[in-house]
1. Report the far tail of the P(r) of region 40-104, meaning the percent of Cα-Cα pairs longer than 15 Å.
2. Mind listing which chymotrypsin sites (Phe, Trp or Tyr not before Pro) in region 31-104 are in a DSSP loop and have 10 or fewer other Cβ atoms within 10 Å?
Amino acid sequence: MPYGYDGTDDNIEILLEDSNEDPNQAYIYIRVKKKPGDYVLIEEYEDEDGIGSAPNCDEFTLLSSGTVDQFAVMFVQLFEMDDLYIDAVAAAIKAFQDLKSRDN
């Protein structure tokens, strides 16, 4: 293990399914670069337009195509793998509601 490594991988890449010729086929690619050990999901910032809030990450890329049902099946598959995914989705929903309430 490298000196100072805290066990957190701050470069997360998820490729769930290769794209193909079917436009109804679910496809998702996610890359998140987040500060390791930082558990705050929403951070406030200040810029020339004033104070705002956003998800706390250094970099975020998302490429997706598919239907609600296809993405729902993807989440069900993840939930079956580990209950941690359910907790993560619940935390994301709570953070998203907090983000929306801050912006209103």
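1. Working: 1380 of 2080 pairs.
In whole percent, the share of Cα-Cα pairs in region 40-104 beyond 15 Å is 66.
2. Of the chymotrypsin sites (Phe, Trp or Tyr not before Pro), the ones in loops of region 31-104 whose Cβ has at most 10 other Cβ atoms within 10 Å are Y39.
No value in this document is a laboratory result; all are computed from the given coordinates. Treat the numbers as computed from the prediction; the structure is a model and nothing was measured. FYI the Cβ positions are ideal-geometry reconstructions off the backbone, even for glycines, and counts take in every protein chain you see.
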